[in-house]
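Notes follow the structure.
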Amino acid sequence: MAIKKFITGNFYDEEILFPAVKKVRRAGYRIHDVFTPFPIHGLDKAMGLRDTGLHTAGFIYGITGTCTALGFISWTLAFDWKINFGGKPYFSLPAWIPIMFELTVLFAAVGMVMTFCYLCQIAPFVKKDHFNLRSTDDTFVLALECNDKTKDEEVIAFLNNLGAREVAVQYKETGWWLGRYDKDTMKFEKKN
Amino acid sequence: MALLRYESQVRAPLVAGDKDYHQVTEDICRPVETRPTKAWWIGFSISVLVLIFGIVSVTMEVTYGVGQWNLNKTIGWGWDITNFVWWIGIGHAGTLISAILLLFRQGWRTGVNRAAEAMTIFAVICAGQFPIWHMGRVWDAFFVFPYPNTRGPLWVNFNSPLLWDVFAISTYFTVSLLFWYSGLIPDVATLRDRAKLKWRKLFYGIAAFGWTGSTKHWQRHEALSLVLAGLATPLVLSVHTIVSFDFATSVVPGWHTTIFPPYFVAGAIFSGFAMVQTLLVVTRKVLALEEYITIEHIDVMNKIIVLTGSIVGIAYLTELFIAWYGGNAFEWHAFKENRLNLASPYGWAYWIMMGCNVLSPQIFWFRKMRRNLFVTFFMSILVNIGMWFERFVIIVTSIYREYLPSAWSTYYSPTIWEVGFYMGTFGLFFTCYFLFAKFFPVIALAEIKHILKKNGENFKEKMGELESETVEEFAEKHGHDHGA
């Protein structure tokens, strides 16, 4: 990843943020991201984000778990080492349902959480650049990505007009790096 | 926006006082960011001491064998499995609150879910200790997992409820942990960004996984929570169902009944909510969180206690009726002579169970009682005593007199090391809970902020005027198309 130039605005109320996001998009600016302290329903749609496919991934992991349980238990009890439990059939499916269910849930949950961490690129010791520390507390930070043609003053005035506060130009790393939050371990040179 | 946030005035506010988002952060982070109080140190020290006693008790058992316990030929399961079932039952409330109530869109869960989930995890850890150390040769505990071995390979018996338990408990623990921690990540990020001290920045920096609060990440986070809730809901029901199968699939009189799965699940929720009440009544007071865990929350949970307590009561009576109506002499004998008969060696335990679980929660039909903190706290303890006796009654009174009178054992009472082991799990549980309450926010920050403008006291007042509008006016003003 690379360091890019952004113009950020801080919104103190989600009821100001929503129309602002719509107007910013209509004006043709490119929203890098909106950072919020809690999930805001409908904001993803307003920003034009696609639905996440995490549900589908979870379904696939779950089915994998079911098949793993069924396959493994059938192989051990009906093929590899047959044991006669009170004359019951070797392939005794009803007795295997509990474990098949548990493994379905286990695979789906573990798989989804790992996929979630991978998609969001989050893990212990991962460090990312912040636009504004208050975005995990009480405000909503809108970051617009700039390019060569962006006229800074124009965008700043536009955001101020929409109700944003503390509008500023910021240079931020968009990716992550391994680091600690108690030390400034940015491996790239910061421009600001 | 307003339509999204509208909620009827009939519902009491879930966050009291005039709050904004920043104030919520301040209030909930305060206990974490200030030095521990004297009360915390006293409570924590006592818990650690009790835990040490538990470790000594377990060491005795491992060193000298299961003979250190008073288990004998017919009473193979005594206090240890009673305690296992009791703890695992308590461990059901957290996931119920966070998963089932999430699916039912119960806003009040946000005030209590984080602490309840933490409690679930610690309770499951405590529960897990009992079957593990009961094995005696605990160094061979890995035999329960199906791995390729040099004994054939001889596989574990997948048809056995005891093995289902292994899978159920380990899955339940893993899923609860993932659910709890994935919800905690954004809140830890808040603590990280507020941190002033070096060690806090380091610790919360690692624990927050580099969370930023990006909208896309929140979108995935919401999807993850919802699907995990969907998965955890049947999981909660399955875990105690499987625990009940340990008994129900046997042919022991008093165990061999089909009512066990629903009966155990209701009992688990019942005891779990009681434990949540015990902890939260104290936590809200000590950490000054009365505005977030309001009397309203306590009231709602007491309603669940009276509901599940009554389900348990009906289950007890049904079981009793069927034991008589079923016409099986052994089954009826187990109930009539070993349980109902107050003069029998364990008759007192059955009646303690009946009193604590069926009769006493009926007090919660009265609103005044539901909203009384002393009554709530006292009842929560009483319910947990009753639920412990339920498991004790099921286990011990069924096996101390089995089919052959020649095998009827003498009176079973635990040794000091059995009691010590049980006490030790209390030490473990409270040590974990004290550490959690000190280092993590006990209330789900992001979730409280999410409901604040709908359920916060001052926001609800402002919304009162909306009720006087007609539907057309309301839709005209506040209708929106979900941003499509």
_Hits in the range B:78-127 (condition: part of a loop (DSSP other than H, G, I, E, B) and either of a type in the set (D, E, K, R) or touching a Phe, Trp or Tyr at 6+ places or on another chain (Cβ under 8 Å) (or both))_ = B:78, B:91, B:105
_Here's a check for you: in the range B:343-366, which residue that is closer than 24 Å to residue B:379 by Cα and outside any helix (DSSP H, G or I) is farthest from the chain's Cα centre (by Cα)?_
B:346
*Go through the range B:172-186 and give me each residue that's more than 9 Å from chain A (Cβ to nearest Cβ) and over 19 Å from residue A:104 (Cβ atoms).*
B:180, B:183, B:184
_Among the residues of the range B:140-156, what is the count of those that are surrounded by 15 or more Cβ atoms within 10 Å (Cβ to Cβ) and within 7 Å of chain A (Cβ to nearest Cβ)?_
2
*What's the number of the condition residue A:74 fails, among (1) closer than 20 Å to residue B:147 by Cα; (2) free of Cβ contacts under 8 Å to residues at least 12 places away in the same chain; (3) more than 7 Å from chain B (Cβ to nearest Cβ)?*
(2)
*Kindly check whether there is at least one residue in the range B:43-52 that is more than 23 Å from residue B:432 (Cα to Cα) and either under 22 Å from the mean Cα position of the chain (by Cα) or at pLDDT below 90 (or both).*
no
*Which one is nearest to residue A:163 (Cα to Cα) among residues in the range A:20-71 that are of a type in the set (D, E, K, R) and facing chain B (nearest Cβ under 7 Å)?*
A:33
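Yes or no, residue by residue, for (1) more than 7 Å from every other protein chain (Cβ to nearest Cβ); (2) buried (at least 22 other Cβ atoms within 10 Å of the Cβ); (3) under 19 Å from the mean Cα position of the chain (by Cα); (4) within 22 Å of residue B:25 (Cβ to Cβ):
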residue: B:166; (1), (2), (3), (4): yes, no, yes, no
residue: B:170; (1), (2), (3), (4): yes, no, yes, no
residue: B:188; (1), (2), (3), (4): yes, yes, no, yes
residue: B:208; (1), (2), (3), (4): yes, yes, no, yes
residue: B:235; (1), (2), (3), (4): no, yes, yes, no
*For the range B:410-428, name all the residues that are of a type in the set (Ser, Thr, Tyr) and crowded, with 16+ Cβ neighbours inside 10 Å.*
B:412, B:415, B:422, B:425
*asked:* Looking at (1) more than 7 Å from every other protein chain (Cβ to nearest Cβ); (2) closer than 22 Å to residue A:146 by Cβ; (3) under 24 Å from the mean Cα position of the chain (by Cα); (4) part of a loop (DSSP other than H, G, I, E, B), which one does residue A:17 not meet, given that it meets all the others?
replied: (4)
_Considering only residues that are buried (at least 24 other Cβ atoms within 10 Å of the Cβ) and in contact with a Ser or Thr (Cβ under 6 Å, 6 or more places away or on another chain), which ones fall in the range B:75-108?_
B:89, B:90, B:91, B:94, B:95, B:99
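The values are calculated or read from the model by the stated rules, or taken from the named source; none is laboratory data. Just so it is clear, the model here is predicted, and its values are computed rather than measured. When we count neighbours, we look across all protein chains shown, and the Cβ atoms used for this are built from the backbone with ideal geometry, even at glycine.
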